[in-house]
Every structure is written in structure tokens, then in C-alpha cells.
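What follows is calculated from the coordinates using simple rules that are stated; it is not laboratory data. Just so you know, these numbers come straight off a predicted model, no measurement behind them. For neighbour counting, all protein chains shown are included, and Cβ atoms are generated from backbone atoms with ideal geometry for every residue, glycine included.
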Amino acid sequence: MSVPVVSARSPRDLLAFVPHALGFRPRRCVVVLGIRSERGRVGLTTRTDLSDLLGPDGPRLAGYLASALVRDGAREVFVAIYDDRPLRDLQVHDAVGSVLDLLARTPQLPEPVDVVVVGTDRFRSLLCDREECCPAGGRPVAEIACSEVATRFVASGSAPLAGREELAVGREERADVLADFRRERRLARSRRGPQEDSGRRRLWRAREARWIARQCRTGDVTGRDVADHARLAVAVADSVVRDALMMWVTLADPSRDAGALVAPGVQQQWAASPPPAVAPDHASTGALAAWLRVGAALAEGADRARLLAAGGWLAWHCGEGALAEVLAGQALHEDPRHRLASLTLQLLARGVPPAWVHPPGPMVS
């Protein structure tokens with residue numbers, strides 16, 4: 001999906017942008033949009049649970065968020081506080097005041113252009129007292145979904161999920177499908193060749209990397225049969241193949257030979273001197289991301305962790321922080337020592353964005 005170019009002229013317009021930026025509708029959280037330039041481009045979008053900001057680590061977390069926003073080039077910020085209460089309760093609730101106090105005590109946070117409280121029924125700006133646009137009783141939440149910004153995003157194909165929890169990958173429950181997957185996984189593992197046969201294993205790695213890349217170039221891969229999903233799971237379980245696919249994604253050129261990236265020394269040279277960062281190719285990365293999710297739903301234990309971790313890193317690389325956090329967290333639930341999942345969560349916790357240029361958000365005017 002391409003990002004539509006829209007103009008946000010009011011708090012309602014920016015609130016309409018938020019669920020499309022996150023991929024889901026926010027609840028009980030604080031969302032901060034970094035406004036980068038004099039032209040008002042929206043950059044980094046951060047979301048933090050209310051409970052985390054109001055907890056003992058709240059000041060440290062607010063400092064992390066502020067540092068990430070400044071590093072992203074934010075000159076100003078737009079703050080939205082979401083809660084599962086009617087607006088009339090939120091305006092006098094301690095949580096809102098505590099959040100505002102915390103933000104005020106975070107000196108590195110750029111100046112807010114607006115702070116908006118969003119309840120279950122209505123929303124209201126806390127910095128604007130003009131009755132014609134920001135009445136004391138707030139405006140109906142239903143107006144957000146009817147804004148021009150929301151309409152443009154929906155027309156472009158954006159469909160936010162109902163909540164963050166829906167980002168998680170479930171598990172396949174049909175016993176016959178799982179039995180087929182386990183059988184195909186055993187067959188796929190038998191084709192790798194013995195570990196000590198480095199020549200045969202290298203040929204297998206190159207073949208699998210090329211095959212996965214080729215399937216992703218064709219578009220939707222989620223409807224493939226169980227044998228293909230098992231083959232993907234076995235390939236991603238090999239760290240050399242997984243890293244070759246990560247490099248292939250980073251190149252953002254689907255025509256590049258993914259198989260060549262498993263050759264001895266290539267990955268070490270890449271780590272020492274990476275190529276210039278470019279934005280992802282959304283067609284091929286989207287196909288791979290969807291395929292990893294399907295495979296993770298079928299896999300178990302370590303295989304499920306590896307697929308989830310790869311999906312989490314890919315989400316981070318594509319700028320989908322919430323999805324990356326959910327998938328990496330699921331991977332660590334399966335394997336608490338998984339290094340890629342831990343690395344992804346560390347990148348997110350420290351506010352480290354992918355190296356490629358961020359896509360433009362709406363323009364604030």
C-alpha cells in the first residue's frame with residue numbers, strides 16, 4: 001500500500017491518521033507524532049501504554065521517547081491520550097494530569113502543537129479553547145472516521161485492526177493440517193544434507209534462498225500448500241539462509257540473486273560495510289512477511305520462534321514498530337534466548353529506526 005499524501009488541518013485529521021500509522025486502533029495509551037520540518041511533515045509515530053508511562057519507569061521511558069523523536073528530526077509533537085472512559089471522566093481523571101505533568105518534566109521533548117484527550121465517546125484539545133472548533137464538551141469520536149484524511153487512507157487500502165492484540169500470530173488448530181506440516185517438515189529437513197558436508201549444505205542454502213525470493217516476487221504466497229510452508233520453516237531455521245533473506249530485503253531489489261548472499265564471506269563483508277539504505281520494496285517484503293506469519297501459525301517450538309523473530313525484524317525494518325514488538329515478544333515466549341528477537345526489542349526500546357528514509361506522513365497546516 002502506498003502512503004497517500006494528505007493535509008492535516010485539525011486535531012481530528014491527525015487523530016484520523018493515527019490508526020493507519022499504527023496499523024490498529026489505539027486504546028489506553030499515549031501516541032506522540034513527531035512533526036519534522038517547517039513544512040509540517042509527520043515523522044516518527046510512537047505509542048506507549050498508559051500503565052507504562054505512569055509506572056515507576058515512566059520518566060526514563062518518556063526520556064527515551066523524546067530522544068527518539070529528536071533524533072528523527074522532530075521540531076514539534078502532537079500528543080494524543082487515549083483511554084477507555086467517557087471524555088467527561090477523563091478530563092478530571094488523575095491519569096491525564098499525570099501524563100501531562102510527566103511530559104512537562106521531560107525537557108528534551110519538543111514543544112507540543114496540541115495535546116488531545118480521546119475518550120470512548122468524544123475527544124477534545126487541551127490547548128485550544130476556541131468554542132467553534134474545540135468546545136468544552138468535546139467533539140464526537142465518530143467525526144474522526146468521517147474526516148477526509150481517514151477517507152483517503154481507506155481508499156488507498158489501509159484497514160487498521162480493531163486492537164493491538166490482533167497483530168499476534170495465532171496457532172493452527174486442525175490436527176490433520178498440523179500432521180501434514182510435521183511430515184513435510186521432516187522431508188524438508190532431510191534435503192539439507194549433513195552439516196559436515198559443507199558443499200552440499202551451501203548448495204541447499206543457495207537453492208532455498210533463491211526459491212523463497214522467487215516466490216515472494218510473484219506476490220501473495222499465503223495460499224501455497226503445507227509443503228511450501230514447511231520448506232520455508234526449515235530454510236528460515238538456518239541462520240545463513242535467514243540472514244541472506246534479510247540482506248535481500250534490505251537491498252530492496254527483488255531481481256537481486258538471493259542465493260549469492262549465502263556464499264562464504266559475503267555476510268561478513270556486508271556486516272563490515274553495508275550498502276546504502278533504501279526503502280523496502282513493499283510487494284516482496286509484504287509477501288515474505290505474510291508468509292512468515294502463515295508458517296509461524298503452523299510451526300511449533302523453536303521453529304515457530306525463528307519464524308516469529310524473522311517476522312518481527314522484518315516489521316521493524318518496514319517501520320511497523322507495534323507489529324515488530326508483538327512478533328518479537330511472541331518469539332521470546334517460545335524461546336526466551338532467541339537473539340534476533342531480543343535484538344529487535346532492544347532496537348524498539350531505544351527508539352532506533354531503520355536506516356532507510358522514512359516515508360512522508362500527512363502534512364500539518
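Using the Cα centre of the chain as origin and beta-carbon charges of +1 (Lys, Arg) and -1 (Asp, Glu), tell me which of PRO276, CYS216, SER190 is placed farthest towards the positive end of the dipole.
Result: SER190.
Once you keep just the Cα pairs under 8 angstrom separated by 6 or more residues, what percentage relative contact order results for the stretch 168-349?
In percent, rounded to a whole number, it is 22.
Going by average Cβ neighbours within 10 Å, how do the peptides 173-180, 306-313 rank, with the highest at the top?
Ranked from most to least packed, the peptides come out as 306-313, 173-180.
Under a plain spin-label model, where a point goes 7 Å from the Cα along Cα-to-Cβ, how far apart in nm are ALA136 and GLN268?
Label-label distance for ALA136 and GLN268, simple model: 7.2 nm.
How large is the charge dipole for the chain, taken about the Cα centre, if only the Cβ atoms of Lys, Arg (+1) and Asp, Glu (-1) carry charge, to the nearest 20 debye?
The calculation lands at about 1260 debye.
Taking other Cβ within 10 Å of each residue's Cβ, how do HIS317, HIS338, HIS229 sort, fewest first?
With the fewest neighbours first, HIS317, HIS338, HIS229 line up as HIS338, HIS317, HIS229.
Using the alpha-carbon atoms, what tilt in degrees (0 to 90, nearest 10) does helix 339-349 show relative to the longest principal axis of the chain?
In the chain, helix 339-349 runs at an angle near 20 degrees to the longest axis.
What number results when the radius of gyration of the chain, computed over Cα atoms, is divided by 2.2 N^0.38 Å?
1.08
Using a basic spin-label model with each label point 7 Å from the Cα along Cα→Cβ, how many nm lie between ARG256 and TRP211?
Going from the ARG256 label point to the TRP211 one covers 2.3 nm.
Kirkwood Rh over Cα pairs of the stretch 7-163 into Stokes-Einstein at 10 °C, 1.306 mPa s: D in µm²/s?
101
In angstroms, what radius of gyration and Dmax does the stretch 197-346 have, counting Cα atoms only?
Cα-based Rg and Dmax for the stretch 197-346 come out at 14.2, 41 Å.
What is the list of residues in the stretch 183-204 whose amide nitrogen lies under 14 Å from a point 7 angstrom out from the Cα of GLU172, following Cα to Cβ?
Only 183-188 pass the distance filter.
Figure the gain on full extension for ASP101 and TRP356 (residue separation times 0.36 nm, minus the Cα-Cα span) and round it to one decimal in nm.
Here the answer is 88.4 nm.
Across the Cα atoms of the stretch 124-206, what radius of gyration and what greatest pairwise Cα-Cα distance (Dmax) are found, in Å?
26.9, 76
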